[in-house]
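Read-outs: derived from the displayed coordinates by stated rules, not from any lab. These numbers come from a predicted model, not from an experiment. No Cβ is skipped: glycine too gets one built from the backbone with ideal geometry, and neighbour counts run over all protein chains shown.
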Amino acid sequence: MPAGPCDRLITIQSATETQNARGEVVPGTPAIVATVWAHKVPLGGLEGEAARQLQATAAYRWELRHYVPGITAKMWVDERGVQFDINEVKEIGRRVTLHLGTTQRGV
């Protein structure tokens, strides 16, 4: 991918677990899997009602400058504190780059 469109520095993060003083498994500090330059493409959004509350979603595709191995749909994108759940990981070419289909959290 040409250098021009990749104008956002993002981190790919994954959940970790730890044990508390009672030995219970609890969420830990997220682990940074990669920090990469990417291009953000808005794909639209939806509004609907669930459990008598208005719900909204905003979908984006992140086009990474380089291929990064090991990214899965259990991870998320963080762009300056705004988080996007990864729904789809699509390899473009033969390990040339990745496109990540995401949904923004807390819309």
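Tabulated results
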| read-out | value |
| --- | --- |
| Exposed trypsin sites (Lys or Arg not before Pro) absent - longest run of the chain, DSSP non-H/G/I/E/B, at most 11 other C-beta within 10 Å | 23-51 |
| Under Karplus coefficients 6.51, -1.76 and 1.60, residue-wise ³J(HN,Hα) of region 31-44 in Hz, glycine/proline x | 9, 7, 7, 7, 10, 9, 8, 8, 10, 9, 10, x, 10, x |
| Estimated Rh, the chain: Kirkwood, alpha-carbon pairs, angstrom | 15.1 Å |
| Cβ-derived FRET efficiency at R0 25 Å, ARG80 paired with THR18, nearest 0.05 | 0.45 |
